[in-house]
Structures are given as structure tokens and as C-alpha cells.
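To start, the structure under review is shown below, and the notes come after it.
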């Protein structure tokens, strides 16, 4: 048995000075001063939180291991306080059939250091033409389907996918992007700010138009639906209306869309899809989380090689790495600096809420009977983000050099230490 002692533990949305007893990967007791001949972790001076849950991560392997591997990506997750990640299906081969998904699951089992669940594609090879066999893939434990990286353009194909999702009780997780709105070479939000820099812009309707279409199909098919990386105020309003109409829908927002705007863009490390939008959009995202229009903070961790990112703005790939920085950045900005959110709110959006929405049992909270997925955090440790020291192979971040107010010290998955900050 293992006991974590002397920490300030987040239990039932309250910080309490209690000990946590762990046996066979489970939390078996939470109480003051647990005694006994147990292995002991001294958490004096630290805050003990449930492991974070990220429903949107790109691990790149198989197919793009020069960018990231399952091992390096999940080590990055652990370093950032994430004990559970869901990995997107734009790998090679695509996880769109039983044989390739079985192989993918074996690779994840062998290489991952945190709980890792793969998405399967909505359509074969994410081509938007033929819906995958959801029934056969669900039998392998796959409950979430996404063509992340592209939108499903054809209305009838998306309707077929949502009909099958409802029949199988699985979730459609959609990257909404109507490419008719996006011109070749477009790389930032369409605004006067970015136009003045000579960059071609992507309008908000590129995201919101297809989202609105999807929500109309959900109304008919009555399936579970989750919207990836919401960036535009029109999308927030669409989700709010859908929820008011009683639809089974949810939406996520990334840390970078909560922290940055179009005026902040300096080069390829600020290039992501969807792009950083206006101040008005960013405030709508923040308020959308607070009023329940949005449900989850995710990362869209997207590693690339330095060579790939070191290209002109219109040629460099979209995406940044974020697993190792998001919690500290958001805590610093919204809990410490602005005092706008409580620690409990932030942890809910990054742990309990995603676990509940994606039906991941026994995680997301520190409570008896749950898995011992736990992180120890020094909430008063200021440091400067240094991308060169990331566990991730990707160093493509706009936050290099930012100062943050807390640091992850130790990460446990099912009671096993999977990462520890070097002294």
C-alpha cells in the first residue's frame, strides 16, 4: 500500500489536509493521519489534485514519429499533469478498421506512460466519403469517432455517421471546417490586424458554418456530439442555442485560444487551426466556459519538427505543443493574476468535466473507489517556461519564456509514479 501524506488535497471541490491511501491502483481511504506500515509519499507544502484529462492530443505515432512518439507524447502529458489523454486519428495507418485499430491499441499499451485512448476515424482515411464500421470498432472499446484535422464536408455522409453513432451509443467528435471559406495559403484569423501584416485570413464562418450544420443534423439524429477547439463567438452562440434546445452536445476550448488573440501572432509558432481570433472572440470563449456554453478545456497538442515550423507563415504547418504548459499558464492567468476563476473551476474543466462527458469511469476526482490518478503541484513555485527542456519532441510553442506561478512535481497513474520533476 501507498499513502500520500501531509498534502492539501482537493476533495469534493474543497482543499483539505488529509491523507490518501492507495492499494492496487485504487484510492481506498481518504482521512486525516492515516497510520500503518505503508510506503509513504510526503506531500508537505504541495497541493494534491486529480490527474488532468485531455480529450484532444496528437501523438503522431504511427506514421509521423519524427514529430512525436507515443512514449514522448505521453511523458509530456505526465509532465503537464495529465494522466489520461485521448489521441486523434490522423496517424498512418488511419485507425479506421479492426485490424489497424488492434495494432494501434497494442502499440499504445506497450509505449504509453499514461491512460491513452484512441479515437477511430468517422470516415475511412478521413476522406469524408465512407463511414467506418462503428459497430465493429466499438467492440474493441472505441467509443469516440473523429476526422480531426478536416471537417466532414458532405451533409449526407455526416448524417449517416450521426445515425450510426446514435445506434451504437458512441460520440461524434468533430473538427468543423468548411474549406469553401478558406483560401489556399490562409493561415491566421481574417482581420484588419493580420491583413496589415500581409497574411491571408480565415473567417470565423469557416468554423461556425459547419458547426451550425452539424447541430442541425444532431437535432434530427439525437446522437452525442462534441465540438473540437471552438474559437469563434458565433460557434459559442450556436452551442449555447443547441444546449437550450436540449441537444446532447458539448464543446471544448484550448488554452491558447483562452490566452492569445490575433494581435499576438508573431510567426509560425502562433499558427494553429483554428487560428487565434479577435479579442471579442477570446472573451466569448472565456465567458462561454463560465456560463456552460463550453464544457471542457483541451489542448490540441500538435508537435512538429523545427524544420517544418521554420518556414514562411503560409507554408508552415498548423499547430503548437501544449501538454506541458497549459495548466500552469491558465492557473497563472485566471486564478492568480485575474482572480477570475477558482482552482476548483480550473480543475473541473480540465479533469472532472472531460472525464464525465467522455464516460471515463473512476477518474477525474479524488474520491474513494476511484483510480489513484493523482498529481502533486507546488502552487507557489514560479518558473520560466523553457521549450528546450520539454519532454515532448515538439518545441513549437508561443509560450517559450513566459513566467508561470505553479509547477507539477509528481504524477501518478493508478498509484504508480510515471513522472517526477528533477530536483
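Any read-out appearing in this document is the output of simple, stated calculations on the displayed coordinates, not a laboratory observation. Bear in mind the structure is a predicted one, so any value in this text is a computation, not a measurement. Every residue, glycine as well, gets a Cβ built from its backbone with ideal geometry; the counts of neighbours run over all protein chains shown.
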Checklist entry - So what is the calculated 222 nm ellipticity per residue for the chain, using -39500 (n - 2.57) for each DSSP H run with n of 4 or more, over all residues, to the nearest 500 deg cm²/dmol? => result -7500 deg cm²/dmol
Checklist outcome for this item: Log10 I(q)/I(0) at q = 0.14, 0.25 Å⁻¹ for segment 287-345, from Debye over equal alpha-carbon scatterers, is -0.57, -1.02
Checklist outcome for this item: With Rg from the Cα atoms and Rh as the Kirkwood inverse mean 1/r over Cα pairs, segment 182-274 has an Rg/Rh of 1.03
Item to check | Cα-based radius of gyration of the chain once divided by 2.2 N^0.38 Å, which approximates compact folds | outcome: 0.95
Checklist outcome for this item: One checks the Cα atoms of segment 350-423 and finds Rg and Dmax, in Å, of 14.8, 40
Checklist outcome for this item: Each label sits 7 Å from Cα toward the beta-carbon; between residue 340 and residue 155 the label points are separated, in nm, by 3.7
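Can you tell me the equivalent ellipsoid semi-axes for segment 186-342? Use √(5λ) from the Cα gyration tensor, largest first, whole Å.
Each semi-axis is √(5λ); the values are 26, 19, 15 Å.
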Checklist outcome for this item: Nearest 10, in degrees from 0 to 90: the angle of helix 98-111 to the longest Cα principal axis of the chain is 40
Checklist entry - What is the calculated FRET efficiency for residue 180 to residue 110, with r their C-beta to C-beta distance and R₀ = 35 Å, to the nearest 0.05? => result 0.25
Checklist entry - What is the percent of Cα-Cα separations in segment 10-158 that go past 20 Å? => result 58
Item to check | Gain on full stretching of the segment that runs from residue 219 to residue 279 - 0.36 nm per residue minus C-alpha separation | outcome: 18.5 nm
Item to check | Degrees between helix 279-291 axis and first principal axis of the chain (Cα, 0 to 90, nearest 10) | outcome: 50
Checklist outcome for this item: Full extension between residue 65 and residue 361 adds, at 0.36 nm per residue less the Cα distance, a length in nm of 103.5 nm
